[in-house]
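The values are calculated or read from the model by the stated rules, or taken from the named source; none is laboratory data. Predicted model only: the values in this text are computed from it and were never measured. Methodologically, a virtual Cβ is constructed for each residue, glycine included, from the backbone with ideal geometry; neighbour enumeration extends over all protein chains shown.
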Amino acid sequence: MTDVEGVRNLVGTGFVQLIGGALTSVASTILLIQISPIMTLSVLVPIVIFAVVMLKAFGYVRPIFRERGKINSEVQGSLTETLGGVRVIKAFNAEKQESINFEKGVDRLFQNVKKSLTATAIIGSSSIFLIGLASTGIMGIGGYFMMGGTMTMGEFLSFTLLLGFMIAPIVQMGNIGSQLTDAMAGLDRTQELMNMKEEDDSEVRTEFLKDVQGHIEFHDVSFSYEESKEVLHHISFKSNPGSVTALVGSSGSGKSTIAGLVATFLNPESGRVTIDSIDIATVNLSSYRQNLAVVLQDDFLFEGTIRDNILFPRPNASSEELDQAVRGAYVDEFTDRFADGLDTVIGERGVKLSGGQRQRISISRAILANPKIIILDEATSNLDTESESYIQKSLSELMKNRTTFVIAHRLSTIRQADQILVVEEGRIVEHGTHDMLLESEGRYHELHTYQSRI
Ligand SMILES: Nc1ncnc2c1ncn2[C@@H]1O[C@H](COP(=O)(O)OP(=O)(O)OP(=O)(O)O)[C@@H](O)[C@H]1O
Ligand SMILES: [Mg+2]
């Protein structure tokens with residue numbers, strides 16, 4: 001937003017001045033030449049030299065302006081983050097450290113502004129110095145001509161007057177020059193952003209999904225976040241429409257990464273992920289994501305009312321649909337006790353609600369979205385048994401007739417799953433139902449006995 005502001009200033013005021021100034025300059029120059037070509041030349045030569053120097057100077061200033069845009073967005077970004085994490089900062093008594101960080105950012109900005117101001121100030125003062133020099137020169141030459149009788153007093157007066165008209169816009173251009181540089185730097189940064197590749201690349205993603213069944217299959221998928229550090233190795237499995245696939249395994253084994261691939265937040269490095277036998281990499285993203293919902297451990301709620309947050313995926317849903325979603329996730333169980341019911345304002349990121357309540361709102365939001373494919377990252381937090389049972393019930397309402405991927409921590413969810421994938425170090429080491437896996441007494445058996453002991 002600030003980058004394009006420079007362009008607005010330039011187009012709004014700068015250009016108008018520039019055009020008016022340039023016209024005046026040109027007209028005055030023609031008249032000046034008519035009065036005395038020699039005197040005009042003696043003014044024009046230093047001006048041309050000055051213009052060249054000025055262009056060079058603005059070339060030097062431009063990267064500084066560009067840097068300023070970058071610093072500005074960095075400082076603002078980190079400030080926003082600081083304010084968002086204010087609880088963590090208070091809890092760890094880190095106010096001082098954060099304010100030092102902010103000061104450092106502001107100081108960087110100040111140094112940058114100082115640098116560019118110095119440069120523009122030098123340009124400005126040297127242009128004024130140039131006027132003085134030119135006027136003095138003209139007075140000298142003009143006086144000499146008048147004494148020699150080749151120029152009248154009237155001609156000399158009109159020459160100096162016109163000279164003012166010619167030079168004033170050039171001085172002004174110094175100002176416009178810095179505006180122009182600012183705008184150019186802003187345009188550079190804007191262009192960088194505009195040239196970034198879109199996620200939903202219309203050249204590659206040409207398949208539009210209709211009537212999604214929800215058949216998801218991984219064909220020998222490998223993935224890495226960083227080069228030469230593969231996180232998933234040759235993953236293959238199949239999830240039938242309406243089935244529940246539970247992902248279990250130790251921390252860092254790659255469960256969230258598999259979920260991210262299903263959600264198309266990540267793209268496989270080799271191998272394919274298919275939906276109803278179509279390669280997801282060729283599918284139009286919005287046609288796929290219309291059929292997808294994600295419920296995360298600590299889901300993001302927006303400032304506003306509970307109703308706004310539930311209606312978020314489909315703002316035009318009917319009141320019956322809303323009602324169904326609210327009851328399906330047992331949100332009414334607590335909103336009925338609020339004076340404003342569904343219209344209760346929940347504050348930034350839902351700070352006015354408990355963890356369990358927030359979770360039920362995000363489940364309700366997913367029910368309303370009515371997706372074919374669901375990705376759930378189950379909360380590990382210990383909720384009291386009552387909340388727990390509400391969430392359990394709302395989750396099973398949500399999973400009904402949908403292809404579900406659940407990163408499961410609760411035994412009850414895992415037991416219900418149609419298939420369990422045990423992931424270790426980026427590989428599927430075991431695969432089957434709860435009973436089958438227990439019987440084979442492998443890694444799942446180990447995890448299971450460990451968890452039951454707790
Ligand atoms: N954005 C990222 N950039 C680089 N490496 C990452 C990134 N996200 C995850 N990893 C790495 O990928 C591996 C798998 O991570 P993943 O998040 O899939 O684990 P997980 O099984 O979901 O673990 P948990 O149960 O703790 O959530 C880890 O070794 C992790 O360090
Ligand atoms: Mg994870």
Search result, residues across segment 142-168 that are hydrophobic (A, V, I, L, M, F, W, C), in contact (Cβ under 8 Å) with a residue 24 or more places away in the chain and within 22 Å of Ala27 (Cβ to Cβ): Met151, Phe159, Leu162, Leu163, Phe165, Met166, Ile167, Ala168
Flag for Leu411 being at pLDDT below 85, hydrophobic (A, V, I, L, M, F, W, C) and out of contact with any His (no Cβ under 7 Å at 6 or more places or on another chain): yes
Qualifying residue in segment 377-393 (condition: closer than 24 Å to Phe218 by Cα, within 16 Å of ligand 1 (Cβ to nearest atom) and not in a helix (DSSP H, G or I)): yes
Pairs where the first residue, in segment 407-428, is on the phi > 0 side of the Ramachandran plot and the second is at pLDDT 85 or above and part of a helix (DSSP H, G or I), C-beta under 9 Å, 6+ apart: Gly426/Thr257
All positions within segment 31-42 that are touching a Ser or Thr at 6+ places or on another chain (Cβ under 9 Å), closer than 16 Å to Gly140 by Cβ and of a type in the set (Val, Ile, Thr): Thr40
Inter-residue pairs, beta-carbon under 6 Å, first farther than 11 Å from Arg365 by Cβ and in segment 304-315, second part of a strand (DSSP E or B) and not hydroxyl-bearing (Ser, Thr, Tyr), 6+ apart: Thr305/Val345
Index of the failed condition, Ile258 passing every other in (1) loosely packed, with under 13 Cβ neighbours inside 10 Å; (2) within 15 Å of ligand 2 (Cβ to nearest atom): (1)
Residues within segment 412-430 that are in contact with a helix residue (DSSP H, G or I) (Cβ under 9 Å, 6 or more places away or on another chain) and away from ligand 1 (no atom under 16 Å from the Cβ), tallied: 4
Segment 238-276, residues that are within 16 Å of ligand 1 (Cβ to nearest atom), in a strand (DSSP E or B) and without any contact (Cβ under 8 Å) to a residue 60 or more places away in the chain: Val273
